[in-house]
Amino acid sequence: MISVEHVTRSYGDFIAVDDVTFEAASGHITGFLGPNGAGKSTTMRIMVGLTAPTSGRVTFDGRLYHDLPNPGRHVGVLLDASAQHAGRTGREILTIGAMTMGLPMSRVDEMLAMVGLSETESERRLGNYSLGMKQRLGIAHALLGDPAVLILDEPANGLDPAGIRWMRGLLRGYADRGGTVLLSSHLLHEVELIADKMILIGNGRIVASGNRESLIQLSGGAGTVAKADDQSALTAALTAANVAFRVDGLQLHVFARPIEVGRIAVEQQIVMTELRAQQDGLEDLFLTLTAESQRDAPDTTLDTAHEPQIAGALS
Amino acid sequence: MNTAMNTGDLLQPTPHTNQRTIVPHVSTALTPSMSLTAGPRAVDSSIPMSRLIKVEVRKTMNTRAGKWLLATIAGGAAIVMAIMVIVGIVNDEVFGITDFTQVASFLPMGLLLPVLGVLSVTGEWGQRTNIATFTLEPRRSRIVAAKLVTGVILALAAAVAALVTGVVAMSVFDLFGGDATWNLPTQAVVSFALLQLIGVLTGFAFGMLILNTPAAIVSYFAYSFLLPTVFLAGASLWDWAESIRPWIDFNFVQEPLMEGQLSDVNWGQFAITSAIWFVAPVAFGVRRLLRAEIK
């Protein structure tokens with residue numbers, strides 16, 4: 001299990017990762033979703049000790065990465081499939097990894113076979129690999145040490161549709177055997193099919209988390225577009241009722257059903273000028289929640305606990 | 001690109017349980033029994049230093065650049081010595097083994113061993129293999145130590161190889177009627193080896209300081225070829241420059257070594273100049289590396 005606890009990383013005034021907290025449970029595939037530059041890769045680098053957090057920490061079954069003896073046997077990491085020496089053969093790259101971890105060399109052949117790199121392909125230098133082949137080699141490298149945890153940054157990058165399906169099967173099998181998988185992507189459809197739980201990150205902050213169904217509920221099922229004569233009165237009422245919402249210009253996106261918003265408005269005698277169910281799908285939720293403007297939105301009362309974030313709206 | 005079919009079966013992740021280590025994680029054999037090793041791994045011994053060194057030695061040789069560099073050093077030394085043999089015979093020169101090794105020491109070893117030292121560090125940055133290196137061993141200072149030991153091993157191996165080649169060249173020289181003096185003073189051997197060691201380690205230091213292959217190599221050559229001239233010019237112009245030169249010019253202090261005169265080395269000056277040109281850059285480099293973000 002991976003526990004990310006209040007991790008923050010700033011570069012001068014720029015906050016790349018802002019108080020990120022979540023858990024990736026064993027036996028589950030956790031998707032880490034966000035647009036480019038949202039802080040996914042930085043968070044992953046912090047996990048494996050390549051980047052020091054400004055504050056907060058990450059533990060693997062209670063231990064810091066730095067404290068794992070021979071960490072390759074515990075945590076398999078693929079951050080960038082191209083970050084290997086272009087002049088080494090695929091086999092040689094795995095051999096170095098296996099040697100470092102103290103594994104028998106037979107493991108190299110097993111992993112090559114598992115990711116579908118042929119004998120001749122394994123003897124070619126990495127510089128001559130396609131991105132898809134690099135990605136497969138990177139997955140083989142991550143799995144070399146038979147780890148309990150996998151951390152994969154954009155693993156589907158460069159894989160063809162068949163390759164993506166193959167990887168889905170591979171990771172699903174791995175998780176079903178009790179492994180912990182955390183994979184990132186900037187593409188929703190890559191993740192929603194495979195992940196048991198999704199963490200949405202935008203501008204360094206977690207903006208929503210939950211499984212697919214709960215996130216859909218969040219967006220379409222339970223979402224409401226509301227506009228009031230007196231917006232501040234409505235936001236105050238929603239806040240008092242512990243209902244999550246987001247301000248979008250004159251509109252409010254409320255994470256509750258229209259009837260609940262209507263009731264709150266009536267109780268407080270607020271004149272509504274617009275009240276309708278939000279019909280957008282998961283993709284829209286993803287886009288709105290992680291949009292650039294998100295950072296400036298005054299109040300997105302979505303936090304990071306593992307339960308779907310629908311506040312008190314559905315109770 | 002073929003797609004593997006047998007994917008799932010081979011993967012044996014550890015299920016997370018709160019029980020600690022029921023079955024020790026014995027081997028990596030891909031048997032189903034292995035799949036249910038418990039909780040945190042029983043493979044909890046750190047990576048021994050000897051293994052890190054073994055890996056680092058391999059890494060200097062398993063790239064095309066590395067292979068060519070080593071081949072060029074070996075081939076270059078052999079060619080230079082062969083030329084010496086021919087010239088020596090033709091001109092009726094009197095040669096000892098150190099004459100051969102000294103030439104090899106100047107070219108190609110003096111030129112290329114430092115490049116090997118530079119590459120052992122900067123290669124990881126240029127090719128971004130440092131990501132894999134430091135995720136497999138997050139205690140970064142251990143990697144630096146392993147690389148340093150690797151540099152020492154390679155320098156000494158190169159010195160031994162050059163001496164052996166020197167003996168072979170001498171035998172050929174002798175065989176074809178050259179005037180060979182077969183004595184090999186210990187201090188000549190030691191100073192020769194020391195010189196190779198300094199070459200690799202100074203290259204390593206420039207690599208640690210600059211972390212960029214071309215820039216580090218250019219800087220090393222500037223230090224090695226340009227700077228002595230500057231120091232020489234300074235020393236001939238100003239008395240004060242002449243008096244401080246032995247305390248700041250590492251190349252100057254090494255001159256007795258190049259002559260094979262270990263006993264002539266002023267070890268106090270050697271210590272001070274090596275602190276400037278080796279210890280300081282390595283210390284700075286390590287300090288930075290321990291904090292740096294690896295991207």
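Please treat every number below as a calculation from the coordinates, not as lab data. The shown structure was predicted, so the numbers you read here are calculated from the model rather than taken from an experiment. Note that each Cβ is placed from the backbone with ideal geometry, even for glycine, and that neighbours are counted across all protein chains shown.
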Just to be sure before I move on: is A:L103 within 7 Å of chain B (Cβ to nearest Cβ), part of a loop (DSSP other than H, G, I, E, B) and within 26 Å of A:A175 (Cα to Cα) in the structure I sent? yes
Quick check: anything in region A:110-117 more than 9 Å from every other protein chain (Cβ to nearest Cβ) and surrounded by 21 or more Cβ atoms within 10 Å (Cβ to Cβ)? yes
Assess whether A:A83 counts as being more than 9 Å from chain B (Cβ to nearest Cβ), of a type in the set (G, A, S) and either surrounded by fewer than 22 Cβ atoms within 10 Å (Cβ to Cβ) or part of a loop (DSSP other than H, G, I, E, B) (or both). no
If a residue counts only when it is within 14 Å of chain A (Cβ to nearest Cβ), which helices (runs of 4 or more DSSP H) contained entirely in region B:229-295 have at least 1 such residues? B:280-291
Would you mention how many residues in region B:43-93 are in a helix (DSSP H, G or I), touching a residue at least 60 places away in the same chain (Cβ under 8 Å) and more than 8 Å from chain A (Cβ to nearest Cβ)? 15
For region A:168-186, enumerate the residues that are at the interface with another protein chain (Cβ under 10 Å from one of its Cβ atoms), assigned to a strand (DSSP E or B) and not hydroxyl-bearing (S, T, Y). A:V181
Answer yes or no: is there a residue in region B:162-172 that is surrounded by fewer than 18 Cβ atoms within 10 Å (Cβ to Cβ), small (G, A, S) and touching a helix residue (DSSP H, G or I) at 6+ places or on another chain (Cβ under 7 Å). no
Subset of region A:137-162 (residues that are more than 8 Å from chain B (Cβ to nearest Cβ), part of a helix (DSSP H, G or I) and crowded, with 21+ Cβ neighbours inside 10 Å): A:L137, A:G138, A:I139, A:A140, A:A142
Name the residue, out of B:L119, B:L107, that is part of a helix (DSSP H, G or I) and over 30 Å from A:I151 (Cα atoms). B:L107
Flagged in region A:106-125 as more than 28 Å from the chain's Cα centre (by Cα) and part of a helix (DSSP H, G or I), in numbering order, are A:S106, A:R107, A:V108, A:D109, A:E110, A:A113, A:E119, A:T120, A:E121, A:S122
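For region A:8-27: of the residues being touching a strand residue (DSSP E or B) at 6+ places or on another chain (Cβ under 6 Å) and within 14 Å of chain B (Cβ to nearest Cβ), which is surrounded by the most Cβ atoms within 10 Å (Cβ to Cβ)?
Taking the candidates together, the pick is A:V17.
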Of the residues B:V118, B:V85, B:V144, B:V90, only one is over 23 Å from B:M258 (Cα atoms) and in contact with a helix residue (DSSP H, G or I) (Cβ under 6 Å, 6 or more places away or on another chain); which? B:V144
Restricting the search to region A:1-14, which residues are in a strand (DSSP E or B) and over 18 Å from the mean Cα position of the chain (by Cα)? A:S10, A:Y11, A:F14
Over region A:92-109, the set of residues crowded, with 22+ Cβ neighbours inside 10 Å and either out of contact with any Leu (no Cβ under 7 Å at 6 or more places or on another chain) or free of Cβ contacts under 8 Å to residues at least 24 places away in the same chain (or both) is A:I96
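Name every residue in region A:49-75 that is in a strand (DSSP E or B), within 19 Å of B:R139 (Cβ to Cβ) and either within 7 Å of chain B (Cβ to nearest Cβ) or not hydrophobic (A, V, I, L, M, F, W, C) (or both), in order of residue number.
Answer for region A:49-75, where residues must be in a strand (DSSP E or B), within 19 Å of B:R139 (Cβ to Cβ) and either within 7 Å of chain B (Cβ to nearest Cβ) or not hydrophobic (A, V, I, L, M, F, W, C) (or both): A:R57, A:T59, A:R63.
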